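Heads up: the structure comes next, in C-alpha cells.
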Amino acid sequence: MAFLPDESRSLPPPPLLNKGSVWLGFVGWLSALADNAFNQRPVFRAGVHRQVLLASLGFFIGYQLVKRAEYVHAKVDRELFEYIRHHPVDFQSPTVAFLLTLEHILGHLL
C-alpha cells in the first residue's frame with residue numbers, strides 16, 4: 001500500500017502550519033544544532049545551510065505524517081458511520097432504548 005492512496009486526494013489538505021509540521025521542523029533544526037555542538041563548531045553560526053535543510057526536511061515529513069493521520073482517521077470514521085447506517089437498532093438514542101426496555105419489562109409483567 002502506498003503511503004497516501006489516491007482516495008486520500010478527496011480530503012481537504014491540513015493547514016500548512018500544524019502541530020506535526022512545526023514540531024518536526026523544530027526537531028530538525030535542533031538536530032542540526034546538536035550536530036554542531038557535538039563536533040565542537042559554533043552552534044548557531046556554523047552550517048546554516050544544514051540548519052535550513054534539516055528544518056525544512058522535518059517540516060515536510062511532519063506535514064506528510066499529519067496528512068496520513070487525517071486519512072487514516074477519515075477512513076475509520078467512514079467505516080464506523082457505514083456500520084452505524086447498517087445497524088440502526090444498535091445505535092438508538094438513550095430515551096428510545098429506555099422506552100423499548102421498559103415496554104419489554106412491562107410486557108412480561110402484564
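Observations on the structure shown:
- Helix-only [θ]222 nm of the chain, DSSP H runs n ≥ 4, -39500 (n - 2.57) each, per residue, nearest 500: -24000 deg cm²/dmol
- Rough spin-label spacing in nm, given labels placed 7 Å along Cα→Cβ, for residue 64 and residue 18: 1.5
- Environment charge at residue 91 (Cβ cut-off 15 Å; Lys +1, Arg +1, Asp -1, Glu -1): -3
- The residues neighbouring residue 48, those whose beta-carbon lies less than 13 Å from its own, together hold a net charge of +2 under the Lys/Arg +1, Asp/Glu -1 convention.
- Net charge dipole, the chain: roughly 780 debye, given to the nearest 20, about the Cα centre with Cβ charges of +1 for Lys and Arg and -1 for Asp and Glu.
- Over the chain - Rg/Rh using Cα atoms and the Kirkwood inverse-distance radius: 1.40
- Helices in the chain that qualify as membrane-span-like (whole DSSP H runs, Cα extent of at least 24 Å along the helix axis, mean Kyte-Doolittle hydropathy of -0.5 or higher) are 19-38, 48-86.
FYI, it's all coordinate maths here, none of it is from the lab. Owing to the predicted nature of the structure, the values given are computational and were not obtained by experimental measurement. Every residue, glycine among them, receives a Cβ derived from its backbone with ideal geometry; neighbour counts consider all protein chains shown.
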